[in-house]
Structures are given as C-alpha cells and as structure tokens.
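Working notes, beginning with the structure itself.
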Amino acid sequence: MDQAFERALQKIHPRLREFPDLRYDVILRGQKKPEGLRWSTEANYPYGHPVLAGYLAEGHNFGVLTGIGGLVVLDVDDIARLEALGVIGRLPGTFTVRTGRGGLHFYYICQDLKQKIILEDPVLKDSEGDPLHLGELQALGQQVVGPGSIHSNGNLYEVIKDLPIASITKADLLQILASLKQIKKADADPARQRRKATGTSLGDLIPIDRVAWPDDIKERAGAEIRGSHPQHGSTSGKNFAINTSKNCWHCFRHKSGGGPLEWLAVETGLIRCEDAKPGCLK
C-alpha cells in the first residue's frame with residue numbers, strides 16, 4: 001500500500017484498531033452524515049481498505065459503524081443532566097470521545113444489545129412539550145463520527161479518555177440507564193420524529209438522489225453531482241445539480257431549486273421548474 005495511504009490510516013485510533021471486525025464509513029470533510037445511501041450495508045470498509053485510506057488521505061472524516069463486533073456507543077447530548085441523574089458517575093471507564101458539539105461518545109463492547117435506544121428525561125420537557133432528549137445508545141444499523149474528525153463548526157472529535165474499550169452486558173448497561181426513559185427505535189412515534197426533523201418534515205425523509213438525478217453527469221465535487229436537467233435538458237450540459245449532503249437540487253437555468261418534494265412537484269407537472277424554491281408547496 002502507498003505510504004501516504006498507510007499514514008492516513010493512522011488517523012483511526014489504536015483503540016479501535018484493536019478490534020479487527022469493526023467497519024468504517026466515509027464522511028466528507030466537515031460533515032456528520034456518511035457519503036452515499038448504502039453505508040450501513042455496502043459502502044463500509046475494514047481497517048486497511050484502500051477506499052477508506054483514500055478518503056482519509058484527502059482529509060475527509062470517517063464514521064465507526066455500531067452493532068458490528070459487539071460495539072455500541074452511548075451518544076450523550078446533555079452531559080450535565082445525565083450527571084445530575086447519576087448516570088455518568090455509574091458508567092464503567094472506557095474509551096471516550098468529546099464530540100464537535102460538546103457531547104460525549106462512550107464506547108463499549110456489548111454483544112447482546114442489537115437495537116438503537118433513544119434516551120429521554122423522565123421529568124423535563126423540551127420547548128414542544130416532549131420529553132427532553134438526552135442521547136442515544138447507538139447499536140446495529142447506526143454509526144458515530146470517528147475521533148480525529150472535524151465537525152462543521154471546526155471543532156475536533158477529541159479523545160478525552162484513552163482507555164481500552166470496556167465490555168459490559170446489556171442488563172448492566174440498561175440498569176445504569178434505568179432512571180431515564182428508554183425508547184427502542186422501532187417504538188418511536190413517527191409523527192414526533194418528523195416533527196423533530198429540520199426543514200420540510202416529509203421531504204427530509206426522502207433522499208434527493210432517490211427522486212432526482214442529473215442526465216449525462218459532467219462533474220462530481222464532494223456531495224454535489226452536476227449534469228443536464230432531466231426535465232428540460234441543457235445547452236451547457238451541466239445546468240442541474242443535486243447535493244446529497246444538503247438533500248437538495250438546483251437548476252442553474254432558472255435559478256430555482258429545493259428539496260425532494262419540490263422536485264417531485266416539478267417532475268409531475270404540479271409546478272414549473274422556474275417556480276420551484278424551498279417552501280413553495282406550503
């Protein structure tokens with residue numbers, strides 16, 4: 001392997017490299033979401049894979065898939081509240097990362113925990129009257145941004161406890177979290193989840209590249225894919241772009257665009273391309 005690739009792979013922390021079964025996805029620089037749609041099933045790689053090494057060599061971020069090799073991550077958003085509820089002090093010491101937004105990732109090996117669990121406050125409510133969100137237990141089908149990555153705000157995902165990844169049973173871990181309201185992902189209220197989403201609630205649940213795709217692709221730059229407009233064509237060959245990270249599209253001829261719902265409205269003739277803009281369907 002190229003020496004530059006070998007150096008790039010050293011960005012993956014030695015504590016993670018101790019577990020050869022772990023898998024990693026690629027995340028564009030400054031982003032949190034994995035590149036592409038199939039990261040949980042296909043577009044993930046073992047340590048040492050040249051695709052992973054190539055992205056790291058270009059300065060991009062990476063994610064660590066949970067639920068593989070028994071890895072789970074307690075993803076804490078509200079540290080102070082969990083400390084007040086006595087949770088933080090009861091957790092076994094383990095490999096711990098401070099996130100770019102100031103939260104914490106506690107890494108554990110827990111072979112019998114398979115499903116993501118949402119953690120909520122047993123008493124306090126948020127501004128919408130729902131239980132205050134405190135964090136999640138990330139398990140099978142999830143991922144967390146890896147240590148050494150850079151958040152969009154410029155902050156580092158920083159290792160603050162360089163300890164071996166501790167093993168814990170599901171029963172012991174859930175007992176530590178017993179004071180919290182626990183919701184398995186499959187049991188979460190869909191309407192409430194849509195309400196929590198940013199922007200147009202339904203549109204945010206539809207990946208833009210599932211409904212819109214440029215004809216005769218000319219350029220790819222990070223998450224942006226550019227080519228001809230699939231409805232009215234192009235004289236330049238690159239008047240239409242989608243951005244899979246921002247989940248949006250843009251027509252350069254009409255200076256219009258929007259999200260998945262706005263594109264479906266254009267495609268079905270509900271609105272003209274030149275009339276499309278974010279929120280025009282409300």
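The values are calculated or read from the model by the stated rules, or taken from the named source; none is laboratory data. Source: prediction; values computed, not measured. Cβ: placed from backbone, ideal geometry, glycine included. Neighbour counts: every protein chain shown.
In the same structural domain as Phe106 (by TED's automatic domain parsing), among the small types (Gly, Ala, Ser), in contact (Cβ under 8 Å) with a residue 12 or more places away in the chain and closer than 23 Å to Asn247 by Cβ, is that true of Ala43?
Numbers: in the same structural domain as Phe106 (by TED's automatic domain parsing): yes; among the small types (Gly, Ala, Ser): yes; in contact (Cβ under 8 Å) with a residue 12 or more places away in the chain: yes; closer than 23 Å to Asn247 by Cβ: yes.
Yes: the conditions hold for Ala43.
Could you tell me which of the residues Ala212, Ala171 is in the same structural domain as Cys251 (by TED's automatic domain parsing), of a type in the set (Gly, Ala, Ser) and either modelled with pLDDT of 90 or more or at negative phi (or both)? Step through it out loud before you land on a result.
Values: Ala171 fails: in the same structural domain as Cys251 (by TED's automatic domain parsing).
On inspection, the qualifying residue turns out to be Ala212.
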I'm told Gly141 meets every condition in (1) within 14 Å of the chain's Cα centre (by Cα); (2) over 19 Å from Cys110 (Cβ atoms); (3) at pLDDT below 95 except one. Can you identify the failing condition by its number? (2)
Considering only residues that are within 20 Å of Asp77 (Cα to Cα) and among the hydrophobic types (A, V, I, L, M, F, W, C), look in segment 174-196 and name the one that is modelled with the lowest pLDDT. Ala188
Among the residues in segment 271-282, are any at pLDDT below 90, aliphatic (A, V, I, L, M) and touching a helix residue (DSSP H, G or I) at 6+ places or on another chain (Cβ under 7 Å)? yes
Filter result for Ser152 (surrounded by fewer than 15 Cβ atoms within 10 Å (Cβ to Cβ), of a type outside the set (Val, Ile, Thr) and modelled with pLDDT of 85 or more): yes
Which numbered condition Val97 misses (of (1) at pLDDT below 95; (2) of a type in the set (A, V, I, L, M); (3) under 18 Å from Asp162 (Cα atoms)): (1)
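Under the condition of being of a type in the set (S, T, N, Q) and at pLDDT 95 or above, which residue from segment 25-81 is surrounded by the most Cβ atoms within 10 Å (Cβ to Cβ)?
Applying the first criterion (of a type in the set (S, T, N, Q)) to segment 25-81 yields 31, 40-41, 44, 61, 66.
Remaining after also requiring at pLDDT 95 or above: 61, 66.
On the way: Asn61: 25, Thr66: 27.
Restricting to residues being of a type in the set (S, T, N, Q) and at pLDDT 95 or above, the top hit is Thr66.
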Which of (1) in the same structural domain as Trp213 (by TED's automatic domain parsing); (2) in a loop (DSSP other than H, G, I, E, B) is the odd one out, the single condition Arg226 does not satisfy? (2)
Can you name the condition, by its number, that Glu262 falls short on among (1) out of contact with any strand residue (DSSP E or B) (no Cβ under 7 Å at 6 or more places or on another chain); (2) among the charged types (D, E, K, R); (3) closer than 27 Å to Glu35 by Cα; (4) assigned to a loop (DSSP other than H, G, I, E, B)? (4)
